[in-house]
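J.: This is the structure, below, for whatever I ask next.
The values are calculated or read from the model by the stated rules, or taken from the named source; none is laboratory data. Here the structure is a predicted model, which is why all the values come from computation and not from measurement. Note: ideal-geometry Cβ built from the backbone for every residue, glycine included; neighbour counts use all protein chains shown.
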Amino acid sequence: MNMKKIITAIIIATVSISIASAQASFGVKAGFNSSTYVIGVEKVSSTVNLGNNPGFYFGGQASIPVSDIFAFQPELVYSYDGTKLGIKGSLLKDMGAPPSYTKDLAASLNMHNINIPLLFKLSPSESLGIMAGPYVSYSIEYKANFNKNLKKLIETDGGIPTGPILDTIEELMKDNLNKLNVGLSFGAEYVFDSGFFIEARYNLGLLNTLKKEVNLEGVGIEFEEGVFTSSWEDLIEAPVQPKLKYQSFQIGIGYRF
């Protein structure tokens, strides 16, 4: 059975359970989302954390009691995720860049995602809930942006329109990123007597978001005046499979009916 069939079966089962359960309570929520991606290479332990990108999320949930303290909690959530790449102006200054080139430069890569967490919740008290479980995520759109300093550097100083560059980046994201992701979600909530609640959640992607193998064979490394020239073949075995994995932290509020 392939992954799509498994996910479809999970979703159908979740909806069926929700409809069949007369004791289910429902809620809505929204909040702040801080996401990033960890980049690395298969069979290499070292990784690099890309910059956190602020976003938001909102959605609905159902809580289906299994016992006095346990519940199954499926959710349907939209999230604005992504990561940020940049360089500090102070570093550019230390590198000897002219004053007009010493401002912070940044580019953000964003995704519009639909998420289906399937959580199992432990409630040691009526107010406190601790939850964990898998989630399925699907990216419906990609968006790239430059901050005003980088945009000015490209357009004003470089004389190059940023529109086509951003379009190219977005096309590269579509071509090279998997739309489907699966991961684990961990969190906690505190429910007030009024029905309002606050929550915190950590999400960890398990699948490699990149879908294409990168072959670095024959790509050289050259420094000024030919002091050193080498090939990636001398450093790592080609072809190489990069890995890009999602992480996010969420904090928000909601209301349970």
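J.: Can you name the residue in region 109-140 that is in a strand (DSSP E or B) and exposed (fewer than 13 other Cβ atoms within 10 Å of the Cβ) and is also modelled with the lowest pLDDT among such residues?
T.: Result: Ile140.
J.: Sort out which residues of region 190-208 are surrounded by 13 or more Cβ atoms within 10 Å (Cβ to Cβ) and either under 24 Å from Gly31 (Cα atoms) or at pLDDT 95 or above (or both), and write them in order of number.
T.: Matches in region 190-208: Tyr190, Val191, Phe196, Phe197, Ile198, Glu199, Ala200, Arg201, Tyr202, Asn203, Leu204, Gly205.
J.: Checking Ile130 against (1) touching a Phe, Trp or Tyr at 6+ places or on another chain (Cβ under 9 Å); (2) more than 30 Å from Ser25 (Cα to Cα): exactly one of these is not met. Which one?
T.: (2)
J.: Among the residues that make up region 149-157, is at least one of them in a strand (DSSP E or B) and not aliphatic (A, V, I, L, M)? Step through it out loud before you land on a result.
T.: Kept after step one, since they are in a strand (DSSP E or B), are these residues of region 149-157: none.
No, region 149-157 contains no residue that is in a strand (DSSP E or B) and not aliphatic (A, V, I, L, M).
J.: Also, I was wondering about something else. Identify all residues within region 18-63 that are of a type in the set (A, V, I, L, M), at pLDDT below 90 and surrounded by 13 or more Cβ atoms within 10 Å (Cβ to Cβ); write none if there are none.
T.: Hits for region 18-63 are Ala24, Val38, Ile39, Val41, Leu50.
J.: List, please: which pairs have Cβ atoms under 9 Å, are six or more places apart or on different chains, and start with a residue in region 161-187 that is under 13 Å from Lys143 (Cα atoms) and end with one that is assigned to a helix (DSSP H, G or I)?
T.: If the second residue must be assigned to a helix (DSSP H, G or I), the pairs left are Ile165/Ile154.
J.: Scanning for something charged (D, E, K, R), at pLDDT below 80, more than 21 Å from Gly55 (Cα to Cα) and in a helix (DSSP H, G or I), does region 91-108 turn up at least one residue?
T.: Yes, region 91-108 contains at least one residue that is charged (D, E, K, R), at pLDDT below 80, more than 21 Å from Gly55 (Cα to Cα) and in a helix (DSSP H, G or I).
J.: Consider only pairs whose beta carbons are under 9 Å apart and that are at least six residues apart or on different chains; among these, list those whose first residue lies in region 60-81 and is touching a residue at least 60 places away in the same chain (Cβ under 8 Å) and more than 18 Å from Leu184 (Cα to Cα) and whose second residue is among the polar types (S, T, N, Q) and outside any loop (DSSP other than H, G, I, E, B).
T.: Taking only residues 6 or more apart or on different chains, the pairs are Ser63/Ser25; Ser63/Gln73.
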